[in-house]
Amino acid sequence: MKIESKIGKSEYSDLQIYSFISDFNNFKDLLPEGKVTGWESSEDECSFNVDPLGRTGLRMIEKTPNSLIKISSRPEFSKYQFTIWIQLKKVSENDTRIKVTVEPHVNQMMLPMIKIPLKKFVNTLVKKMETFKF
């Protein structure tokens, strides 16, 4: 099951947004304050602590310039596996639409428990990207 965010709107170009989000060294600024500690990153990988889940890690597995970033969880850091897509669509020079999708790879019993927190996560990330100064 995939969980999709609302479609957000940014006044920055797809190139500006893509240039920023395609490097995990920039990503910490997009995460909710107070929720993440112990951030470590390189361009294509990061790891961090999230209460109550503990340490987790992410890896960029696909980059399509100015339109898509695909991210997967890193098995060495997390027992919960998932994939995240960040899609950008240029409407005009300074009008970009943003959508975040997450697909958790968990058993069917867990889906009802994680669906609401994941929906909140993707919508919060889009909201932060709508107001972020890239």
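Residue pairs whose Cβ atoms lie under 8 Å apart, sitting 6 or more positions apart in sequence or on different chains, and linking a residue in region 4-33 that is free of Cβ contacts under 8 Å to residues at least 40 places away in the same chain and more than 10 Å from residue 88 (Cβ to Cβ) to a partner that is of a type in the set (Asp, Glu) and part of a strand (DSSP E or B), are 24/45. Residues that are under 20 Å from residue 105 (Cα atoms) and out of contact with any strand residue (DSSP E or B) (no Cβ under 7 Å at 6 or more places or on another chain) occur in region 53-64; there is at least one. Restricting attention to region 99-134, the residues that are free of Cβ contacts under 8 Å to residues at least 24 places away in the same chain, among the β-branched types (Val, Ile, Thr) and buried (at least 16 other Cβ atoms within 10 Å of the Cβ) add up to 1. Residue 93 meets each of the listed conditions (1) surrounded by fewer than 17 Cβ atoms within 10 Å (Cβ to Cβ); (2) over 17 Å from residue 16 (Cα atoms) apart from (2). Those residues that are touching a helix residue (DSSP H, G or I) at 6+ places or on another chain (Cβ under 9 Å) and of a type in the set (D, E, K, R), I need them from region 60-81; list them, please. 63, the sole residue that qualifies.
Just a yes or no: is a residue in region 76-96 at pLDDT 95 or above, farther than 17 Å from residue 127 by Cα, touching a Lys or Arg at 6+ places or on another chain (Cβ under 7 Å) and among the basic types (Lys, Arg)? No, region 76-96 contains no residue that is at pLDDT 95 or above, farther than 17 Å from residue 127 by Cα, touching a Lys or Arg at 6+ places or on another chain (Cβ under 7 Å) and among the basic types (Lys, Arg).
Quick one: how many residues across region 78-90 are free of Cβ contacts under 8 Å to residues at least 24 places away in the same chain and either in a loop (DSSP other than H, G, I, E, B) or charged (D, E, K, R) (or both)? Residues that pass the stated criteria total 1. Among the conditions (1) within 20 Å of residue 19 (Cα to Cα); (2) crowded, with 17+ Cβ neighbours inside 10 Å, the only one that residue 82 does not satisfy is (1).
Screening residue 129 against (1) touching a Leu at 6+ places or on another chain (Cβ under 7 Å); (2) part of a strand (DSSP E or B) leaves a single unmet condition, (2).
The values are calculated or read from the model by the stated rules, or taken from the named source; none is laboratory data. Computed from a predicted model, the values in this text were never measured in an experiment. As a convention, Cβ positions derive from the backbone with ideal geometry for all residues, glycine included, and neighbour counts pool all protein chains shown.
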